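Q: Got a structure here, written out as structure tokens. Questions coming.
Only the coordinates and a few stated rules stand behind these numbers; no lab work does. Note that the structure is predicted; figures quoted are calculated from it, not measured. Note that we place each Cβ from the backbone using ideal geometry, even for glycine, and neighbour counts take in every protein chain shown.
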Amino acid sequence: MRYVYLATFFVVVLTVGILGFRGSISSRPPLEVFPDMDRQPKLRPQESSAFFADGRVDRPLPAGVVARGDLRADAALYQGRAGAGEWTRGVPAALTVDARFLQRGRERYAISCAPCHGALGDGNGITKAYGMGATPTFHDDRIRAMAEGELFNTITNGKGTMMGYADKVVPEDRWAIVAYVRALQRAQHGSVADVPAAHKAELGIQ
């Protein structure tokens, strides 16, 4: 027990002795425990650098960069909102819905959405076999009546047990997924009247 007291006394004296030097003036440089934190290789603004072809340290901003905290100018494209704050109807005018756009949506859907929502959008994805039974079907009237902007927002921020995909799928691809979901819904609720007259013969429709 005596050694414990001696050791404690030694630690107390050592601690007080070290702390007693705080605030004292010395001509010697301070002790650097981790010198790499103070002397790290870095470049300062407006310096020159042989690393870049133009010899400048300052780099131009990437295309489409937005300052943190600033709202995007195109609220429909990046937020799914109309001018009055309501959800947008249809795909934003900045995007063109064509076969290539839908194919892109199909690819992104197969990667990010089909495991839960199923290839047909009926909620019968592979996760259902592992106990996830709460995935809704896109063919429900409630979801079919949703504005495209609300669907985009759900993909972006998630809903319920679904996580958001804002950090995994770029906005343009999110809209491509929305367009593909609409194609899935149309395929399940289509009628003979939706078939163009030029293609009815191919299907044997009179």
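Q: Using the alpha-carbon atoms, what tilt in degrees (0 to 90, nearest 10) does helix 2-19 show relative to the longest principal axis of the chain?
A: 80
Q: Normalised by the number of residues in the chain, what is the relative contact order in percent for Cα pairs under 8 Å and 6+ residues apart?
A: 17
Q: Treat the chain as a sphere of radius equal to its Kirkwood radius over Cα pairs and apply Stokes-Einstein at 20 °C in a medium of 1.002 mPa s; give the translational diffusion coefficient in µm²/s, rounded to a whole number.
A: Approximately 92 µm²/s, per Stokes-Einstein.
Q: In a Gaussian network model over the chain where Cα atoms closer than 10 Å are linked, find which of Ala63, Ala76, Ala183 has the largest mean-square fluctuation.
A: Per the Cα network of the chain with a 10 Å cutoff, Ala63 tops the list.
Q: Please list, ordered by chain and number, the residues whose modelled amide H lies under 5 Å from the amide H of Trp87; skip anything fewer than 5 residues away on the same chain.
A: Ala82
Q: Using R₀ = 25 Å, calculate the FRET efficiency as 1/(1 + (r/R₀)^6) where r is the Cβ-Cβ separation of Ser191 and Val97; round to 0.05.
A: Once the sixth-power term is evaluated, E becomes 0.75.
Q: Compute the long axis of helix 99-112 from its Cα atoms, compare it with the longest principal axis of the Cα atoms of the chain, and write down the angle in degrees, 0 to 90, nearest 10.
A: That works out to roughly 50 degrees.
Q: I've got another one for you. Return the FRET efficiency for the residue pair Ala183, Arg89: r is the Cβ-Cβ distance, R0 is 22 Å, and the value is rounded to the nearest 0.05.
A: That pair, Ala183 with Arg89, gives E of 0.85.
Q: Modelled label-to-label distance, Gln40 and Tyr5, 7 Å Cα→beta-carbon offset: nm?
A: The answer from the label model is 4.9 nm.
Q: Report the label-to-label distance for Ala110 and Leu14 in nanometres (one decimal), using points 7 Å from each Cα along the Cα→Cβ vector.
A: Output for this residue pair reads 6.6 nm.
Q: Can you work out ³J(HN,Hα) from phi for every residue in the stretch 113-130, in order, using Karplus 6.51 cos²θ - 1.76 cosθ + 1.60 and θ = phi - 60°, giving whole Hz and x for Gly and Pro?
A: Along the stretch 113-130, the couplings run 10, 4, x, 9, 8, x, 5, 9, x, 9, x, 9, x, 5, 5, 5, 6, 10 Hz.
Q: Using a basic spin-label model with each label point 7 Å from the Cα along Cα→Cβ, how many nm lie between Met162 and Arg142?
A: So the label points at Met162 and Arg142 sit 1.2 nm apart.
Q: Pop out the Kirkwood hydrodynamic radius of the stretch 1-120 from its pairwise C-alpha distances, inverse of mean 1/r, in Å to one decimal.
A: That comes to 23.2 Å for the stretch 1-120.
Q: A further question follows. Averaged across orientations, what area in nm² does the convex hull of the alpha carbons in the stretch 89-189 project?
A: Reported value for the Cα convex hull: 6.1 nm².
Q: Let me ask something additional. Name the shape class, rounded, prolate or oblate, that the alpha-carbon gyration tensor gives for the stretch 134-206, where a ≥ b ≥ c are the square roots of its eigenvalues, rounded holds for a/c under 1.5, and otherwise prolate holds if a/b is larger than b/c and oblate otherwise.
A: Because a/c hits 1.5 or more and a/b exceeds b/c, the stretch 134-206 counts as prolate.
Q: Can you sort Phe9, Phe34 from fewest to most other Cβ atoms within 10 Å of each residue's own Cβ?
A: Neighbour counts put them in this order, fewest first: Phe34, Phe9.
Q: If the cut-off is 19 Å between C-alpha atoms, which lysines fall inside it for Lys159, apart from same-chain ones fewer than 8 positions away?
A: Within the straight-line limit of under 19 Å, Lys159 reaches these lysines: Lys128, Lys168.
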